[in-house]
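Participant: Would you mind keeping the following structure in view while I ask a few things?
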Amino acid sequence: MKRRSGIMHWLNLALSSPIGLWIQRAFLAAIWFAACKDKLLFPRQFRSFIERYQIPWLEGWPLVLVTLTIPVLELLLGFLLLTGFALQGALILTAGLMLAFLVLIGQAAIRGLDITNCGCFSVKDQPEGLARFFDSMGFHIVFDLFLLGIALFVYWKTFGPTSPRRMLGQRSSTSAPEPYSPQ
Amino acid sequence: MFTNPATTPFRHAQANLTRGLTQSVGILVASLVLALAFNSTRELPLKPKPKIPAEFTGTEGADSTLAEGSTPGTTQSAKPSTSAAPPTRHAKDITADELTAMADDGITLLLDSRNPEDYAGGYIPGAVNFPFTQFEAYYPAVSARLLFPEQPIVCYCEGGDCSLSHELASELYSMGYTNVFVLVGGFEGWVEQGREVEIP
């Protein structure tokens, strides 16, 4: 039997361990906490950032609901990822939101919209220095892909068919699937 | 009765996915309810912006309450652009000369929508700092100067292309202040014309 070795093997082991998975969840939670602060405090400015993406159907009440819900959702996801409560849903929503942000930023880039600050973290109109870089669309396309990768990795390792929880024989709180019965 | 070891893990994963999707819907609904509840407790709850007045769009059926009693100014196009400025406009443009003429009436309110650091570097005489980026924080102080719905209010930001003044004007319009203007050229234009600047 071929023995696996090398840095990738050990990295995979470390990241797949319970503490490694918790650290990744904590990292995602920290991102959500950082992202929701300004949006909760200054909803009008956040709404103006969403408007800059010029999505035709997003105006009036739908725009208000999106503006109000996103920061609360980010805050809630942060708590859920940290505590592990409703973790499957929190990870799926984290991945879903990242995908949605990627589509939003990508379509803006393709349409040539001049958006200096994507509104992802800071709601300052003209961020300067490092903040300008961290709020740029280019950075966030790469960063959101990275976060999407983490969310999917954690989900796969925690709830996927090869998860340690599965291997250890620990059942999730869902009802067990029907046993296989040959015809 | 026995289980097939090859398929059971995937069926567990499938069950987890179903459970996760159900939880996702629950989290989304909880977020929506919490967001609406939190918004209703704010001093200034967020509401949809009113329709753009007809005089700015040229379209039929739009709200036209802004037009009456307004002072000189050119209309602003509501056509979507690829600039950073938002597509909605609720204010008329005003030139520096028109502003100077209006400023002597004693009721016109001049609002500097730039950040406090920019304001500290110099502002148009008589302007009050009301940074749009911190609208909720500054509103209580500025609200004492907002006297009546038809009061002329002039907003400006750094230059001619900045969006803060339009966003502030739009917000004030949605709050019922219907006589709102945006200074053409902004603060930079004012300075380039060699006009007086006040430094705190």
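Participant: Identify, please: which residue in the stretch B:136-160 is in contact (Cβ under 8 Å) with a residue 40 or more places away in the chain and facing another protein chain (nearest Cβ under 10 Å) and is, among those, farthest from B:P48 (Cα to Cα)?
Facilitator: B:E158
Participant: Run A:L11 past the list (1) touching a residue at least 12 places away in the same chain (Cβ under 8 Å); (2) more than 9 Å from chain B (Cβ to nearest Cβ) and report the number of the one that doesn't hold.
Facilitator: Against the list (1) touching a residue at least 12 places away in the same chain (Cβ under 8 Å); (2) more than 9 Å from chain B (Cβ to nearest Cβ), A:L11 comes up short only on (1).
Conditions (1) over 18 Å from the mean Cα position of the chain (by Cα); (2) at pLDDT 85 or above; (3) within 7 Å of chain A (Cβ to nearest Cβ), marked per residue:
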{"position": "B:H12", "(1), (2), (3)": "yes, no, yes"}
{"position": "B:V25", "(1), (2), (3)": "yes, yes, no"}
{"position": "B:L32", "(1), (2), (3)": "yes, yes, yes"}
{"position": "B:K51", "(1), (2), (3)": "no, no, no"}
{"position": "B:G61", "(1), (2), (3)": "yes, no, no"}
{"position": "B:E68", "(1), (2), (3)": "yes, no, no"}
{"position": "B:S83", "(1), (2), (3)": "no, no, yes"}
{"position": "B:A91", "(1), (2), (3)": "no, no, no"}
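Participant: Of everything in the stretch A:51-74 that's part of a helix (DSSP H, G or I) and either basic (K, R) or more than 21 Å from A:F121 (Cβ to Cβ) (or both), which residue is farthest from the other protein chains (Cβ to nearest Cβ)?
Facilitator: This residue is A:P62.
Participant: In addition: Can you work out which of the residues in the stretch A:81-121 that are without any contact (Cβ under 8 Å) to a residue 24 or more places away in the chain, within 9 Å of chain B (Cβ to nearest Cβ) and more than 19 Å from A:H140 (Cα to Cα) is surrounded by the fewest Cβ atoms within 10 Å (Cβ to Cβ)?
Facilitator: Within the stretch A:81-121, the match that is surrounded by the fewest Cβ atoms within 10 Å (Cβ to Cβ) is A:G89.
Participant: Let me ask something additional. Condition check: surrounded by 13 or more Cβ atoms within 10 Å (Cβ to Cβ) and at pLDDT 75 or above. Does B:A96 satisfy that?
Facilitator: yes
Participant: So, B:L46, is that one modelled with pLDDT of 85 or more and not in a helix (DSSP H, G or I) or not?
Facilitator: yes
The values are calculated or read from the model by the stated rules, or taken from the named source; none is laboratory data. What you are looking at is a predicted structure, and each value in this text was computed from that prediction instead of being measured. We place every Cβ from the backbone using ideal geometry, glycine too, and count neighbours over all the protein chains shown.
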